[in-house]
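The values are calculated or read from the model by the stated rules, or taken from the named source; none is laboratory data. Everything numeric in this text was worked out from a predicted model, so none of it was measured. For neighbour counting, all protein chains shown are included, and Cβ atoms are generated from backbone atoms with ideal geometry for every residue, glycine included.
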Amino acid sequence: MLSVRAKIVMGREVPSLVKLCIGSAIANLRYIGDVGALDMHLLKDILPHCTIDQLMNIEKSTEGVDLSPVTNDLWRKFYEKHFGDEHAKLVTRRMNQKQVVFKWRQLYEAKTKEREDFQNKSAERLKQRYDEELAKRQSKQIQICSKVPPSANKRSFFSVSGHNVSHLKSNLMKKARLEYLKSNEVANAAMRKNAVQRKSLPTQSLSGLSKPISFPGKGSASTSQARYRR
């Protein structure tokens, strides 16, 4: 009776030293590494409270001691939680069919790597498609030309209407004709033509004077005399 009374203080049972140690270990799992010195029955109370990273760190830090008798079921629960119960059952059936056994930690790591590789490849394909679409859009964009714009005079000359262009052409033709008529060659040609015409006038007049002049009276008299003699 005394021993029982000694364990009860203020209506509560006083925890044993082992339970205090287990509670302290659970509260400080993020600081725990190598647990090779602990008994397996203690680890069964401590390790179920670990996260994935904490359990992975403890197993990697504990060298020379196989913790799978305690951690294998824990890794199976993590596998089912992250990849689904159906997939976990499928893996179990395949191991039974092939008569092989893998630790669930190994299966979890392999499946995690497979999923990461798939996500990386998917991200790479998406990036490639994005780059292709971006290149297509850039090729369709209007490219700014660095040429200097024409001056206002050139723009006004080329922007005139058809009527103004024809009127401008006629004025240019008239101006060209006037310049041609005023040129020295045209003036010299006109002078030569006038000189030739003046030289030809005396010859025509002399040829006209050399012809015999017929008087109507004398001709008629001689004709009448001839008729009388006959």
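A compact table of results
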| read-out | value |
| --- | --- |
| Listing of helices (runs of 4 or more DSSP H) fully contained in the stretch 8-76 that carry 3 or more residues being closer than 20 Å to residue 104 by Cα and without any contact (Cβ under 8 Å) to a residue 40 or more places away in the chain | 40-46, 52-61 |
| Selection status of residue 90, farther than 24 Å from residue 33 by Cβ, outside any loop (DSSP other than H, G, I, E, B) and either of a type in the set (S, T, N, Q) or modelled with pLDDT under 90 (or both) | no |
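Here's the yes/no breakdown for (1) within 56 Å of the chain's Cα centre (by Cα); (2) surrounded by 10 or more Cβ atoms within 10 Å (Cβ to Cβ):
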| position | (1), (2) |
| --- | --- |
| 23 | no, yes |
| 31 | yes, no |
| 36 | no, yes |
| 39 | no, no |
| 44 | no, yes |
| 55 | yes, yes |
